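The values are calculated or read from the model by the stated rules, or taken from the named source; none is laboratory data. Since this is a predicted model, take the numbers as computed values, not measurements. Glycine also receives a Cβ, built like all others from the backbone with ideal geometry; neighbour counts cover every protein chain displayed. Surface accessibility is based on the protein's heavy atoms, side chains included, excluding ligands, DNA and RNA. Shrake-Rupley method; radii C 1.70, N 1.55, O 1.52, S 1.80 Å.
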Amino acid sequence: MWRYVVRRLLAAIGVLIGASFLVFLGMRLVPGDPATAILGSRATPEALAALREELGLNRPFYVQYLIWLGKMVQGDFGTSIALTVPVTKVLIPKFWNTLILGAGALAIAVPIGTVIGVLSGYWQLSLFDRAGQIFALFGASVPQFWLALVLVAVFSLNLGWFPVSGMYDMRGDGGRFDLLRHLVLPAVATSTIPMAVIARLVRASIIEIMHQDYVRTARAKGLRERRVVFGHALRNALPQFINITALQVGFLLSGALFTEVIFSWPGIGQALYNAVVARDVPMVQGAVFVTTLVFVLANLAADMAQAALDPKTRAT
Amino acid sequence: MVVRNADALAAMRSIHAHRLSRRRLLQAAGATAGAAALAGLGGPAPSMARVVQGEPKQGGTLIYAMESEADILDPQGASGWVTWRVHRHIFEPLINQDLSRSDVAQPPLIPGLAESWEMSPDGLSYTFKLRPGVTFHDGTPLDAEAAKFNIDRMMNPDFEFYNERAAAFTYFCWLATKEVQIVDPMTIRVVQNRPFGEFLNQMVQGTGGTGMISPAAIKQYGSDKVAEHPIGTGPFKFVERVQNEKIVLDRNESYWGHKPYVDRIIFRPMPEPAARVNALRAGEVDFIAVPPPDSIQSLVDAGYTLSIAETRNVPHIWYIHLNMKDPTLQDVRIRKAIQHAIDKEGMATSLLGDTVYRAEGLQAPGNLSFDPDFTIYPYDVDQAKALMAEAGHADGLDQQLVFQTSTAGSGQLLPVPMMEWIQRDLEQIGIKSKIDAFEWITYIGMWSDGVPDGVHGMQFSWGQSSGYWLDFTTNSANATPGCCNVGSYSNPKVDELLNAAFSELDDTKRADLYKQADKLIMEDAAFIPVVNDRAPYIMAPDVKGFVHAPEEAFDLTLVWLDR
């Protein structure tokens, strides 16, 4: 088990270093000069040159990258160009807000997606299965920003049930109930794609498992159907469920980008949007890297859980 | 990707939604903005005419949804109108603009932190008598030391707290300034190395403002970190800023001037236009900037108040720099043909729902040098075709023209659909063109490098409530790299007029020189002025007292909430 854990950890670190390089490279390939972005078009050439020196933009690419990587390992993501504050000071609270949104969306996507998937798979080709499939197709295809606008139009503007923007009522005192009210619509809008994907993948894995020999054996033994499904099929499907869910964490974060902008949810997606628009290189790098980190960590956690549950995985 | 989707969405809505009829818009604007514009009870201009909207009430929180996140809260080292609307409530310059009037061509200059000022007859020195008894929000007294400290921060490279960013953004204010002297504890003198007629007008511009920051705060937090602790003298005090979420200001109870009615203002960045409209409808914000043109009519129908400029007086021009080095465009007949071929009126009405006016000259409105009666190049396709034929291109150009623009950006309205409108119009006279659109910050960088070879025009939008703006956009001495004559336009006669205007101290004579220069520039057809924005704002029915001043900013001390 430990060898497996170490191997997975090393692989995750490799992925992170690769991702950090791509993020850094990507921001360097985009045209435009950060020094001009800071000082504006009226700056003197001397001031621009001095700032480029200060920011280390005159150094070779790999030196810039290594300096950046070295600082980042120590938790220093640099200073935001647009906001002139340390990137971490902005990103950490935003990241927390995105986690709240992500947790809300997962709380909707996982149970509903799993139940639809299991029942569709079990009653394959039934009316329920077809309805579930159409629902999943809709969930996977509907553009999230469109859905977000429709939800706002119906549930906020027409029915007045939920607020349309932010995490708290800026005129009120806040509190958990206020947060929950603000969370509902963004979480629903963010949950659709992961919910649909979970439903479809779970369905596929249930169909596969229900055709396995051990299920046939269990039935042949005369076990009650409930026992077959819960004791054998679902238990064996659990590692796959965990894997499917962990993969969705990454998609949740990318989906949150759209909903955060529409609902003015002050999360990492909105910070990234503003940073891209303002050409705030350190902020973009920080936000993309943190998102990558979450994705990698979620998958690592899923691998660990799977290994703990399924001895076959550890052996490979 | 998100940016594109948001743009596409806004653009599509604008194109496909029902059009706002001009008459209805004007009616709505007349009923609401007119009243709002003239209200402003208790404002600093007691002589103005007013329409009373009831007795102003004290208290409440005003939430304003802005179209993008603000820049840093350093009034001297930040750019953009969005940020200036925040800054001018926290910080004040020596002299200020009276934004309590909408019926003026240019906001009048009024005493700010200086209660009076005097220019020497040769224009080489300005003496500012500071207002006694004013303190910064941290208790630091405003005196001559503090004022000199701030000006040195913007223009004296030898000063310990000199800030390059502040120097870059306030360059056009201090470019003729030699030094600042302390005359007595409450008097400073700004010594110029040459007369600069627009000096005082440049002092009140928002992109690179000269608002005064507490010297104690600059010393404590550092010249480049003070933006996190914005401490000025203004009518509101900074409370907190949560990036991408809110900037909170509270009323300054010990403010020297007219105290604001509202207790608190919250500025909320909401870059998605639909999100701003929805938040307004849901009552989560009171007041929004840049409503999508197609949303205005339905909001007005639902009882919201539209405030929009009723005359061409907001300092904004959406225009194209033509590449004057390009062989094809060196023929003035082709440039003139292009001007005649564009249906600006149609664009203003159909595409932008009458939220803009057709532009005539290049000079931006909102200043005395703008000539509202100037007209040239009416929409006339026959005339355009005749000019093309005269230039030997009766069957059209055999080359494709390339125009560059941005996908979005401050003051850019709907850049891509607007450029497509122009593209379609140019086809009528046999000019095929291609549009390259870039992300805004990238585009600003490209723009300041100048129009490259092979590109025929670059679109941009800005303006100032100072006639000097025309100089840095068209004077050959300001050709790129540098700022901001990016199409390398050069006409010695224009330069002569602009240079004469620079040192002309008489406001009327100077304005006249700028008007003459603008006329020559337009006869050269070196720029295509397209539209002037009317800067629409929409507010909840209980927001009262708002004045639509001829500026890209507003004075929220005049606003009160009828709750």
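Details
- When region B:215-255 is limited to residues that are basic (Lys, Arg) and within 14 Å of chain A (Cβ to nearest Cβ), the one that is most open to solvent (accessible area, probe 1.4 Å) turns out to be B:225.
- Set B:167, B:227: member being part of a helix (DSSP H, G or I), aliphatic (A, V, I, L, M) and under 30 Å from residue A:171 (Cα atoms): B:227
- Test: residue in region B:379-396 that is free of Cβ contacts under 8 Å to residues at least 40 places away in the same chain, open to solvent by less than 40 Å² (accessible area, probe 1.4 Å) and at positive phi: yes
- Number of the exception - residue B:310 against (1) of a type outside the set (Gly, Ala, Ser); (2) open to solvent by 10 Å² or more (accessible area, probe 1.4 Å); (3) not in a loop (DSSP other than H, G, I, E, B): (3)
- Filter result for residue A:204 (away from every other protein chain (no Cβ under 14 Å), among the small types (Gly, Ala, Ser) and open to solvent by 50 Å² or more (accessible area, probe 1.4 Å)): yes
- Considering residues of region A:111-134 that are touching a helix residue (DSSP H, G or I) at 6+ places or on another chain (Cβ under 7 Å), open to solvent by 40 Å² or more (accessible area, probe 1.4 Å) and in a helix (DSSP H, G or I) only, the residue farthest from residue A:265 (Cα to Cα): A:122
- Residue in region B:348-358 that is under 25 Å from residue B:494 (Cα atoms) and open to solvent by less than 50 Å² (accessible area, probe 1.4 Å) present: yes
- Answer from B:184, B:224 - the residue that is of a type in the set (Asp, Glu) and modelled with pLDDT of 95 or more: B:184
- Taken over region B:277-292, the criterion of being within 17 Å of residue A:167 (Cα to Cα), within 9 Å of chain A (Cβ to nearest Cβ) and assigned to a helix (DSSP H, G or I) is satisfied by B:278, B:279.
- The lone criterion from (1) touching a residue at least 40 places away in the same chain (Cβ under 8 Å); (2) open to solvent by 30 Å² or more (accessible area, probe 1.4 Å) left unmet by residue A:86 is number (1).
- Residues of region A:11-30 satisfying the condition of being within 14 Å of chain B (Cβ to nearest Cβ) and within 29 Å of residue B:73 (Cβ to Cβ): A:27, A:30
- Selection status of residue B:68, of a type in the set (Gly, Ala, Ser) and open to solvent by 10 Å² or more (accessible area, probe 1.4 Å): yes
- Figure legend. Inter-residue proximity from region A:145-165: first residues within 9 Å of chain B (Cβ to nearest Cβ), second residues among the hydrophobic types (A, V, I, L, M, F, W, C) and outside any helix (DSSP H, G or I), beta-carbon distance below 6 Å, spacing 6+ or different chains. Indicated pairs: A:152/A:164; A:156/A:162; A:156/A:164; A:156/B:282; A:164/B:282; A:165/A:263.
- Of the helices (runs of 4 or more DSSP H) lying entirely inside region B:441-529, those containing at least 2 residues that are of a type in the set (A, V, I, L, M) are B:492-503, B:507-524.
- In region B:416-440, the residues that are within 14 Å of chain A (Cβ to nearest Cβ) and in a helix (DSSP H, G or I): B:440
- Note on region B:257-276: residues that are part of a loop (DSSP other than H, G, I, E, B) and more than 23 Å from the chain's Cα centre (by Cα) total 7.
- Of all residues in region B:230-256, those being in a loop (DSSP other than H, G, I, E, B) and in contact (Cβ under 8 Å) with a residue 40 or more places away in the chain number 11.
- Qualifying residue in region B:180-188 (condition: in a loop (DSSP other than H, G, I, E, B), of a type in the set (S, T, N, Q) and more than 14 Å from chain A (Cβ to nearest Cβ)): no
- Restricting attention to region A:166-184, the residues that are in a helix (DSSP H, G or I) and more than 11 Å from chain B (Cβ to nearest Cβ) add up to 8.
- Screening the candidates A:237, A:246, A:233, A:218 for the property of being in contact with a Ser or Thr (Cβ under 8 Å, 6 or more places away or on another chain) and open to solvent by less than 50 Å² (accessible area, probe 1.4 Å) yields one hit, A:237.
- Restricted to region B:476-505, and to residues there that are among the charged types (D, E, K, R) and free of Cβ contacts under 8 Å to residues at least 40 places away in the same chain, the residue that is least open to solvent (accessible area, probe 1.4 Å) is B:495.
- Of the residues A:135, A:77, the single one that is among the hydrophobic types (A, V, I, L, M, F, W, C), more than 10 Å from every other protein chain (Cβ to nearest Cβ) and touching a strand residue (DSSP E or B) at 6+ places or on another chain (Cβ under 8 Å) is A:77.
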